[in-house]
Amino acid sequence: MLGWLAAAAWASPTLSLGPAPLPGDTLIAEVGGLTPGETAFLVGSTTGEGETCAPAGCVALAAPLIVLDRVVGGPEGSATSYLRVPEAVPGGTRLWLQAVSPAPFDASPVAAVAILAPPEPTARLTPVRPWPDEALHCATTDAARVRWSVDDTPWAGATETQVVPGDRIPAGVAELGQRWECTAEGPGGEARSAAAVTPPLGGNVLVLLADDLGVERLGLYGGVDPIPTPTLDSLAAEGVRFEHATVHATCSPTRAALLTGRHSRRTGVGVRIGTISDDWELPLDELLVPEILAESSLGYTSVALGKWHLAANASPSSWSHPLLQGFSRHLGSFGNLQLGHEIPDEPLDYYHWAKLVDGVPTYSDTYATTDTVDDALAQIGSLAEPWYLHVAFNAPHDPFHFPPLRLFDTPIGLDATDAEKWAAAVEALDTEIGRLLDGMDPAVRARTTVVFLGDNGWPEEAVTPPFDPARAKTSLFEGGVRVPLIVSGPGVTSPGSSSEALVADVDLLPTIAELAGVRLPNAAGSPLDTPWPDLELDGESWVPLLAEPFASSERTTVFLERFSPNGAAADWDMDETGIRDERFKLLRYTSGSEELYDLWAAPLIDGPDLLTAPLDEEAEAAHARLSDALDAARSALGAD
């Protein structure tokens, strides 16, 4: 044992240590309480801590002691020592240090630090679902080295391990059916990641978009007074039903998000585009699904049917807008049915409405839902496979009406309310979708991924008790943004299953791109090679969830937004945002006021605002977490 006797005439040295280091790193030690030019030694021990020094003296450190460094007091009586920790020191070793002044003998209190254990390396092979001939990348920590194997055999092209990041297998090496694995080696151990090389699913894609349909009246989602929807029930029985699908609160923003994979803050579409009153349109430099599919080696043809609602009569592209965004054809309404090609226009409704045929204005006297299905069946019968058919129905959006009696069974009287007419239009829509799916050749249907969803929640005119009309379409409440989403097709491995994953409208484009074998930036898997390396996307592919519906998505929150007018942030006079996680939802209004909801307590109606009363510990933590996440999302999207 060693000890030093303190001299009252001198100030005792002090010692403070920097952050705990890893083996091989540097530990910073600050020594104070010295006179200028005074020498002090840093001594250390790993065997145990003695008594802390007192003014009258002490027994300081247990032997064996090691002199680690010699320092000299500077003009202000302090000195800094940089102590390198040998790489051989095991992680978790505890080191006690003391600053010692030999003349007069004195010592600082003991300071201790625990050497950090080296972190285990990480490894992630990307793309996570590689296709033949694609380049592979092993993303891991900077300090790691990586080696590759294929089908459990070291890769012949790897003559030695390579330092990462940036380690990759070049394009043209990976073959169909192979299993590739990368192993990251580091001081803290090894990590492995593997993936099998499979072809893209390919096949046809049929998107069926309902207008103004939430989940509140659908039996599939535990709705109240459920509307008969046997077609949707059947589709869910052969596909995957998503419980928590979130879209925008009105039609145009959702349609833009579906086709671009980007949030409104990126596209500028924050509210409904008035086809008659506006001169604004989704910018042509936005990259849409059909333009993505043009890069597929599988040779897709893209056709849009039904309601468009992403441009205006007076906007630069006007009625040609769908054709300028990659669709080879568009047959359907430009906007809502009661709005025509010009002002003034004759009275229009579901039985007489303004229809565009590849940008040429015409009129149709066929019930709109039936007309759209007729067009879809004609296109499916004539298009070469694979094809992408974007079918955007007008139903059950207003004008509220009596559908043809052959399309619905629930009796309603001549004095029917708007809510009853809306429900009848839902039933008629289900019937016509059934005619569409049944009218497809079974072999073609087997090669087709079918996606059914709503573009926003139900309108206030359709809302019935116990629901609140103020929490319907145009709001960020569940009644405005939660919609049905059902996907069936060759990628589904567990028919009739449901997924609790958080999914959103921005996910459609990445999903279709993955089906078609087109790599995108920022999508799950961080692929290496893409025609659009600078494209900023917000969506994630649903393809993994079709194969494993009980898995969680990589997304832990969903961002909500609505603003007006459409266009640049500098012009907005309304800006409402929100964010939800698995359980809680936070809304923030233009004024900056906030509301917090527990979706588990009231899954269909949001429930009471938790911020009107003291929060319990769990809700308080959720509020802080979601507030930070919302700030980060607004900042990342560049319009805050």
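The values are calculated or read from the model by the stated rules, or taken from the named source; none is laboratory data. In this text the structure is predicted, and so the values were computed from the model without any measurement. Because the Cβ atoms are built from the backbone with ideal geometry, glycine has one as well, and the counts that use them run over all protein chains shown. Surface accessibility is based on the protein's heavy atoms, side chains included, excluding ligands, DNA and RNA. Shrake-Rupley method; radii C 1.70, N 1.55, O 1.52, S 1.80 Å.
The table below lists the values:
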{"quantity": "Residue count for segment 553-570, restricted to those that are of a type outside the set (A, V, I, L, M) and in contact with a Ser or Thr (Cβ under 9 Å, 6 or more places away or on another chain)", "calculated": "6"}
{"quantity": "Residues of segment 415-458 satisfying the condition of being open to solvent by 10 Å² or more (accessible area, probe 1.4 Å), of a type in the set (S, T, N, Q) and either in contact (Cβ under 8 Å) with a residue 60 or more places away in the chain or within 27 Å of V492 (Cβ to Cβ) (or both)", "calculated": "T431"}
{"quantity": "Qualifying residue in segment 287-301 (condition: surrounded by 24 or more Cβ atoms within 10 Å (Cβ to Cβ), at pLDDT 95 or above and not aliphatic (A, V, I, L, M))", "calculated": "yes"}
{"quantity": "Residues within segment 228-245 that are of a type in the set (V, I, T) and open to solvent by less than 10 Å² (accessible area, probe 1.4 Å), tallied", "calculated": "2"}
{"quantity": "Residues (farther than 18 Å from L213 by Cα, touching a residue at least 12 places away in the same chain (Cβ under 8 Å) and of a type in the set (G, A, S)) located in segment 359-395", "calculated": "G359, S364, A376, A384"}
{"quantity": "Exclusive hit being open to solvent by less than 30 Å² (accessible area, probe 1.4 Å), more than 16 Å from L502 (Cβ to Cβ) and touching a strand residue (DSSP E or B) at 6+ places or on another chain (Cβ under 8 Å), set S553, S627", "calculated": "S627"}
{"quantity": "Any hit, segment 215-224, residues being open to solvent by 40 Å² or more (accessible area, probe 1.4 Å) and of a type in the set (D, E, K, R)", "calculated": "no"}
{"quantity": "Residue check, S593 modelled with pLDDT of 95 or more, open to solvent by 50 Å² or more (accessible area, probe 1.4 Å) and of a type in the set (G, A, S)", "calculated": "yes"}
{"quantity": "Failed criterion for E51 (all others in (1) more than 13 Å from F105 (Cβ to Cβ); (2) at pLDDT below 60; (3) part of a strand (DSSP E or B) hold)", "calculated": "(3)"}
{"quantity": "P170, sole failed condition from (1) buried (at least 20 other Cβ atoms within 10 Å of the Cβ); (2) out of contact with any Leu (no Cβ under 6 Å at 6 or more places or on another chain)", "calculated": "(1)"}
{"quantity": "Within segment 395-409, considering residues that are open to solvent by 60 Å² or more (accessible area, probe 1.4 Å) and assigned to a loop (DSSP other than H, G, I, E, B), the one farthest from D455 (Cα to Cα)", "calculated": "D409"}
{"quantity": "Qualifying residue in segment 496-517 (condition: open to solvent by less than 20 Å² (accessible area, probe 1.4 Å) and part of a loop (DSSP other than H, G, I, E, B))", "calculated": "no"}
